[in-house]
Every structure is written in structure tokens, then in C-alpha cells.
Amino acid sequence: MSRMSLFSTRSQRAFSAVFRLTLALIFFLDSASGQTQCEYNPDVNCDGVIGAADLLSLLTLFSEQTSVAASPCGGDTTLFWDGYAYDLVETAGQCWLAENLRSTHYRNGEPIEGPLNDAFWGATTSGAWAIYGDGDSQIYDGSGDEVSNLADFGRLYNWWAVEDERGLCPFGWHVPSEEDWDQLSLTFGGNLESGAALKASPNDSPAWTGTNESGFSALPGGKRDDGLGHYSHGTTHAHFWSATPSGSLYGWSRLLYTNFGNISESSEPHNEGLSVRCLKND
């Protein structure tokens, strides 16, 4: 047998092996999808012959399925975590929670401290949560309806909860860094313009004053002040923690406003209570 014939035979065998392996792999995916109606699944066009047309059809199906898997949220629209269901949004090439975090437990199942009265909130140096307006704390603006505030705005967390190594966000998710926030902001025009695209619109429920072009659906969840534990900005601002420290006593955050279309960076004390949005790991 000539070298050319031997090479041709080996090539044919290799192609045949790859063909069969491809069919087997896509057969598994196709079976799981339940889309093929023929008795023998790889026979996509049901003509009784496994041929090139079937391979092309299955490769198309495989491409569609892997495309969904490769999307930022992997085709998921909802995340269930710590007793709550969260809508997800794919925006800026990222997968975000479309709602503020409400968890009362770290990722390992241990509880996050809360709620705390004003004195303990101002004095604690460990992770803690609050609901806007809870307890007897003074409220400078916004509602003291804890049930409604939890449903619409989620919980507020101090910096120690954000940086705790037990993990504030679900498995496979994290509190966004400054770089993560920058990617989101730059997609919608940068810090001077992106605030409007990130805020819920007047047509959303709950509503705010943005366009919500991003689907991020930010709402004015306010904050809990670091020293006295009072609540403020409950109708005027959305405050979100970043996971990036700002020196030894502060952490970076992002700030949205009712009457303006920008997003600001702000360095906040560790005892400040701010909202948290989780971002899916790459």
C-alpha cells in the first residue's frame, strides 16, 4: 500500500471516528432537549438514513444550545437563594441580580447579624443587615413600612458583611468590584449618563425616574447612617456597595439620584448600611 493510500485510509478512519463521536455527543444533547421525534434520534430528518444533512441539523442544534450556555446568565431568568426568588438581567455582557439582595445568611449558612438598634449599629465591627425604617430609628424621608421596604428595596448591609470571607452573595456570585461597576456604567455612556439607564422607569412597578434601558431596575432604597443608625435618602437615592476598599476605614460605593441622570462613586464608612447587587462570576 502506498503512503498516499495509507494516509487517505487513516484520514477516512479519523473523520469517521470524529463523525461518530460528534453524533454521539449531539445525540445526548438532542435527547435531553426532547426535540427529535424520530425513533432513532440522530436521524433528524426521519428519512431512515444517518447522513450529512442530519449532522448539519444536529450541529445547528448543538450551536444553539452552547450559545445559550455561553450567555452571561446561562439561559436562567430567576435565581432562588436564602428563601427568596430574584429576577436576573443580562446587561453589559454581565449577569446581575435585577433586585437588591435580601439574604439574612452568609453563603456558608451562618446568620448575618440583624436587626440592630441604633447604638449597636453604630458600634458593631461585624457584618450586619437592616431594613429601611426598622425598629424605632429616626427616618428622615421615605416610608417606615418594613414589609413594603423589604419587598421593594431589599436589605441594607454594612461593609463588614460585604467583605466577610463567608460570602454575602450566593454560590457562583460576588459583590461587584469597582471594575465591574465601571463595565456596567461605560456600556450606557459612562458615569455622567448611565444613571438614567440603570434606574427603573415611571412605567415599572415599583417605579422611579429612569429609562431602565439596562434592565437593572435600580430603586431609591436609601441608606442607614453609620453613627446614629438613622435612615435617610429613602425616596431620593440608591446606594450600592462595591467590594473595593477605599483605605482602611471606608469602602467604595455607587450612588444614583432621583433628579439626575448620572451615577457617582462615593467612599462610605464601614458602618454605613447600603444596598447590595450581586454579580455572577465569569
Item to complete: Hey, can you grab everything whose amide H is under 5 Å from the amide H of Lys199? Only 5+ residues off in sequence or another chain; H modelled, so Pro and N-termini drop out.
Response: Thr211, Asn212, Ala218
Worksheet item: If you add up the charges near Thr104, with Lys and Arg at +1 and Asp and Glu at -1, over every other residue whose beta carbon is less than 10 angstrom from its beta carbon, what do you get?
Response: 0
Worksheet item: Stretched out fully, how many nm does the piece from Ser126 to Ser201 gain, at 0.36 nm a residue minus the Cα gap?
Response: 23.4 nm
Worksheet item: If Lys and Arg each add +1 and Asp and Glu each add -1, what is the summed charge of the other residues whose beta carbon sits under 10 Å from the beta carbon of Ser246?
Response: -3
Fill in: Neighbour net charge for Val89 - beta-carbon separation under 12 angstrom, K R +1, D E -1
-3
Worksheet item: Roughly how many nanometres apart are two label points built 7 Å out from the Cα toward the Cβ at Ser148 and Leu249?
Response: 3.8
Practice prompt. Compute the length gained on full extension between Glu178 and Asn108: take 0.36 nm times their separation in residues and subtract their Cα-Cα distance, giving the result in nm to one decimal.
Written response: 22.7 nm
Worksheet, complete the sentence: For the stretch 123-139, Karplus-derived ³J(HN,Hα) couplings (6.51, -1.76, 1.60; θ = phi - 60°; whole Hz; x for glycine and proline) come out as 9, 5, 10, 10, x, 8, 10, 8, 10, 3, x, 6, x, 9, 5, 6, 10
Worksheet item: So who's got an amide H within less than 5 Å of the one on His105, skipping anything under 5 residues away but keeping other chains? H placed 1.01 Å off N, in plane.
Response: Ile112
Worksheet item: Normalised by the residues of the stretch 78-280, what does the relative contact order come to in percent, with Cα pairs under 8 Å and at least six apart?
Response: 25
Fill in: For the stretch 75-91, Karplus couplings with θ = phi - 60° (6.51, -1.76, 1.60), whole Hz, Gly/Pro x
x, 7, 10, 9, 10, 9, 8, 6, x, 10, 9, 10, 6, 10, 9, 9, 7
Worksheet item: Under the Karplus relation 6.51 cos²θ - 1.76 cosθ + 1.60, θ = phi - 60°, what is the ordered set of whole-Hz ³J(HN,Hα) values for the stretch 94-111, x standing for Gly and Pro?
Response: 10, 10, 10, 5, 8, 9, 6, 5, 10, 4, 10, 9, 6, 4, 7, x, 6, x
Item to complete: Please compute P(r) over all alpha-carbon pairs of the stretch 147-282, binned at 5 Å starting from zero, and give each bin as a whole-number percent.
Response: 2, 11, 20, 24, 22, 15, 5, 1, 0
Worksheet item: Counting only residues 5 or more places away or on other chains, whose amide H sits under 5 Å from the amide H of Ser246 once H atoms are built in the peptide plane?
Response: Gly251, Trp252
Fill in: Nearest-0.05 FRET efficiency for Ser71 and Thr235, computed from C-beta distance (R0 22 Å)
0.05
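Where a number appears in this text, it was derived from the coordinates with a stated rule and is not lab data. Here the structure is a predicted model, which is why all the values come from computation and not from measurement. With ideal geometry, Cβ positions are generated from the backbone for all residues, glycine too; neighbour counts draw on all protein chains shown.
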